[in-house]
Structure formats: C-alpha cells, structure tokens
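Read through the structure below, which is laid out as structure tokens, and then see the notes.
The values are calculated or read from the model by the stated rules, or taken from the named source; none is laboratory data. Since the model is a prediction, treat every value here as computed from it, not as a measurement. No Cβ is skipped: glycine too gets one built from the backbone with ideal geometry, and neighbour counts run over all protein chains shown. SASA here: full protein model, heavy atoms, side chains in, ligands and nucleic acids out. Shrake-Rupley method; radii C 1.70, N 1.55, O 1.52, S 1.80 Å.
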Amino acid sequence: MSDSNRLIIFDTTLRDGEQAAGAAMTVEEKLEIAQQLEKLGVDVIEAGFPYASQGDLRAVTLIAEKVRGTCIAALARANPKDIDAAWEALKGAEEPRIHTFIGTSEIHRLHQLRKDREEVMELACAMVRRAKGYCSNVEFSPMDATRTEPEYLFQLLKAVIDQGATTINIPDTVGYAMPHTFAALIKAIMENVPNIHKAVVSVHCHNDLGLSTANSLEAVSAGVRQVECTINGLGERAGNASLEEVVMGVHTRKDLFGLTTNINTREIYRTSRLVSDITGFVVQPNKAVVGANAFRHASGIHQDAVLKERTTFEIMDPVAIGWPGSALVLGKLSGHAGLRKRLQDLGYNLESEEMNKAFVAFKELADKKREVTDKDLEALMADQRRTTGTTETYRLDHVQVSCGDHDVPTATVRLLTPEGQAITDAATGAGPVDAVYKAINRIVQVPNTLTEFSVRPVTEGIDAIGEVTIRIDSRGKSFVGRGASTDIIVAGAKAYMNALNRLLSIQGRP
Ligand code: KIV
Ligand code: ZN
C-alpha cells in the first residue's frame, strides 16, 4: 500500500454510509455489498462500528471472515470497550485495521467530551497503543479536524504516530472546509508534523456544502494518498465524498494527478445500483458518473456531435464504468442461453438454480411485455435478490385485489411463514394499496407507519415495469422496501413485504 503513485480507496459505505437516516442494512445485505466492493477493487472496506450494535458486530465479523484480499476496517471510539469490540469482530480478517477516533476541535472537546486538550491527547495515544496491541494496522482520526486549532492538531498527530498509528485520517466532519483551505491544512500538516512520513495521510470529507469531492481531490493534489468515500455519496446528513466521483476524477484527469487506483471502474455502475437497491436511496438522475442522465444527450447539436465523435461531449467512456449501453432487446422467443449471455454482460454470473429462477421470471415478463431491455433485467434481478436473501421471514405468495370507482377496495393476500405454512387474510381499505397493506398487517402484526410511497417506471411505455419504493417507520427507525412488477399493486405489496422483512431482520420482532 505504500506506492506513492497509488491512491488508496477506503470505502465506508457500510459504516458512514449506513449512518444516513433510513439506510439501515441487514447483515446479509452488508455482506453482499462487501463482496461487490471487493470486486470493485477497493483497498479498504470499513465494515462497521462493532461496539454500536449487535448487528454491526455480526456484520463486521462475517465480512472479516468471508472477504479476502481486501483490508477490513472497524471503527472504534477512543475508549477501551470500543477497541476491544472492534478487535473481537476483526480477528478473523486477513488484513484487519482498527480505526479509532476522537473529537479534537474546541467545540467537540468542550461540549461533547468535556475534556481539555491534554486529556484528549492522552486518550488518543492510549487508545492507539491499545489498538496496536491487537494489530499492526491502526488508523487514527481527529474528528472535526478542520475546526481544530492547527498547532494542537500537529502535536496530536505527531503523538499518535509515535504510538504507532499507520494511517492518519483528516476528517472534514461537518463539511466546513473550502477546497483551498483544506489543501492548505493538508500542506501544513505535511510541513509541521515531523514524523508524518511514517504514516499514510488520508481524508474523509462530508458534503454539507456540496464540496466533498472537490475537497477530497484538492487534498489528493496536496499529497494525501488515501481517500475515504462511499458509493453514491451515501452518509451522515448530506453524505460523504462519492467513490465514483473521486475515482473517475483521478482517472479522467490523470494528466493532473498522475495517480492510479486499484479500482476496476467497470464495476462502478453495478455497485452503485446494488447500493441504491439495498438502501432504497434512489440515485438522482443528474448525479455525476452514475445518474441516469450522466451519458444522455438531449440537445440535437450534442447528439449529432457525439454520433460523429463521442469525445466531443463525453469526457468519460460509459463503457469504462460498466454502463449497460446495449440496445440489445430480448423477447419471448429468447432462450436460456441468450438470457444467460445478456445477464453475464450485465455482470450477473448466476448459479444454475438462480439462473433457472431468473429464466422463469423473464418468461413471465416477456409474456406481458413485448421487449425486455437491460433496465427490465436489472429490475428483475433486483427483485430476485430481494426474495432469495436469507432476510426473508414472510414470503408473498399471492395477492388479489378488487377495486373500482364504485367498489370498496378489497384485498386478499396469502403469505408463507418461515415454516412454509400458508396464511391467508383479507381486508378493505381506502384504496387498493391500503387494502393490501392492511391484509398483510393482519398476518404479520408488526406496528409501523408508512412514511413514503413512490412509483417509478423502469423503462418507457405503458407496459413498463413499475418499481415501488416505500419507507416504514417503527420504534424510531426507518426501513426501506422495494418491489418491481408490471402491476404496481403487486409491486407495492412486494415493497411492503421487503420493508417488513428487513425490519424483522434488523430489529427482530417488536
Ligand atoms: O466524519 C467523521 O469525522 C467520521 C470519523 C469517525 C472518521 O466519520
Ligand atoms: Zn464521517
């Protein structure tokens, strides 16, 4: 990891990303994302904060055991219990890293910690030493570094490096820095911390003012060699620097940065989809690199120019980020081999049982829809992933609705319990979705409030698959659910089951 021309990519989607309000993930979902991050080629996966919850402890333990070839980090506040829990979770990892942090700015020292400078410094050093007792790879973060007195920050960094910290991470915790002030701080650290050459210098930028990518890239220009980021910029409040923007910035402007990364950029689009699908955070259409419009040219002048020469209006090749640009369309006459090939091109390498299930779902869709596009296949695969995961407690087996402008909307649903028992119930409601949700509630009986319901067509056309995203709140936590079908009532029912199953898996039965 010490090649000075290589930028280390530290992904914190599973830790800071999950701190985004409403982005809670199950242990299985976290493992799935970690495995995709490994394919993407990130150097470090911050898998969670083991002391924070049993779920985090289990997720970090599982990822540490199953994901090989990538450094696995766990977060710990600067206190003994956190450090011990981090190690407990990490000990099965091939390359473990304990990441410990403490607030260092006056605001944090005074109001959050109620400690003076010396006490914070002593605690930081003691906890780096404790972490070093467990593993050689230790990262230290002075939280709120950009609002910390620079002279104090320099002394503290020197002290923790003397205790053996191998990575020094400079967080812009509240997204306060401007690109030029952040670069100046990094340069000052390089010049004023005498032992800084003994550690990798990293940054962790939040996006409160929309500057997280700009700040990260300025810091790279100023000499840092690790950037902490998340897929789709997910994270606390306005989020973190987005991995795809930082990586594509460095790749596209190699002339400026002269750096490489380990990232297999062709996995970027797929990783973005997976994270969006699991968390329910829809990627805005105009999002850089991975938004639906990122490579769409609406103006006639642009279209004409791009057809003549792509680089006239495209600074990145969509193929390089794994964009599914194919115009290839499947239909009801397409066979198993054709579907398998198309799915492989889209990055889905399925085992035979999964492939058989995918083929059945594809045939059902092709019967309803003349043309099955890549976007349809993505929606189909996402739906399949949601219903084959071990997170599924109840399975939606049947849903039937009667409604109309003179009818009382009535729904009948049949769910399968984990033991395979079928339970049928029915309810009326204000509308068909309300009736379906009430019928499901009669069986599952988990109190919750629906806070969001949205439908998005996956492709154009009246026969398009509709993707429903919902959020439900229960005991102060928010859970997302998604479902896809050409019938939006069925999609809504699937989304509700998905949200309920995730609630049951993350929170257990209330
Ligand atoms: O934003 C922050 O300061 C953090 C630290 C724990 C690195 O997330
Ligand atoms: Zn953060």
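Observations
- The residue list F182, F101 contains one member that is open to solvent by less than 50 Å² (accessible area, probe 1.4 Å), within 12 Å of ligand 1 (Cβ to nearest atom) and either aromatic (F, W, Y) or not assigned by TED's automatic domain parsing to the domain that holds E218 (or both), which is F101.
- Residue within region 246-253 that is within 16 Å of ligand 2 (Cβ to nearest atom) and either in the same structural domain as D374 (by TED's automatic domain parsing) or not in a loop (DSSP other than H, G, I, E, B) (or both) present: yes
- All positions within region 434-456 that are over 20 Å from I506 (Cβ atoms) and out of contact with any strand residue (DSSP E or B) (no Cβ under 6 Å at 6 or more places or on another chain): D434
- Close pairs from region 194-216: first within 16 Å of F140 (Cβ to Cβ) and within 11 Å of ligand 1 (Cβ to nearest atom), partner open to solvent by 40 Å² or more (accessible area, probe 1.4 Å) and hydrophobic (A, V, I, L, M, F, W, C), Cβ under 7 Å, at least 6 apart: none
- Residues located in region 254-272, provided they are open to solvent by 60 Å² or more (accessible area, probe 1.4 Å) and either small (G, A, S) or in a helix (DSSP H, G or I) (or both): K254, D255, L256, R266
- Number of the exception - I301 against (1) open to solvent by 80 Å² or more (accessible area, probe 1.4 Å); (2) touching a residue at least 40 places away in the same chain (Cβ under 8 Å); (3) part of a helix (DSSP H, G or I); (4) not assigned by TED's automatic domain parsing to the domain that holds S242: (2)
- Scanning region 331-359 for residues that are open to solvent by 70 Å² or more (accessible area, probe 1.4 Å) and either in contact (Cβ under 8 Å) with a residue 40 or more places away in the chain or closer than 22 Å to D463 by Cβ (or both) gives K332, L333.
- Failed criterion for N207 (all others in (1) touching a Leu at 6+ places or on another chain (Cβ under 6 Å); (2) of a type outside the set (A, V, I, L, M, F, W, C); (3) open to solvent by 20 Å² or more (accessible area, probe 1.4 Å) hold): (1)
- A76 vs. criteria more than 16 Å from ligand 1 (Cβ to nearest atom), more than 17 Å from the chain's Cα centre (by Cα) and crowded, with 20+ Cβ neighbours inside 10 Å: no
- Residue under evaluation G239, criteria (1) more than 14 Å from ligand 1 (Cβ to nearest atom); (2) touching a residue at least 60 places away in the same chain (Cβ under 8 Å), criterion not met: (1)
- 3 or more residues without any contact (Cβ under 8 Å) to a residue 40 or more places away in the chain and of a type outside the set (A, V, I, L, M, F, W, C): qualifying strands (runs of 3 or more DSSP E) within region 395-510: 395-402, 410-416, 422-428, 449-457, 466-474
Yes/no matrix, rows are residues, columns are (1) within 20 Å of G103 (Cα to Cα); (2) more than 16 Å from ligand 2 (Cβ to nearest atom); (3) part of a loop (DSSP other than H, G, I, E, B):
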site	(1), (2), (3)
F154	yes, yes, no
K158	yes, yes, no
I170	yes, no, no
V174	yes, no, yes
A184	no, yes, no
E191	no, yes, no
H197	no, yes, no
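- Evaluation of W87 against (1) aromatic (F, W, Y); (2) more than 14 Å from ligand 1 (Cβ to nearest atom); (3) touching a Leu at 6+ places or on another chain (Cβ under 7 Å) (one fails), failing number: (3)
- Candidate set: region 4-53, residues that are of a type in the set (V, I, T) and away from ligand 1 (no atom under 16 Å from the Cβ); chosen: the one nearest to Y348 (Cα to Cα): I33
- Taken as a whole, region 138-149 holds at least one residue that is open to solvent by less than 10 Å² (accessible area, probe 1.4 Å) and more than 16 Å from ligand 2 (Cβ to nearest atom).
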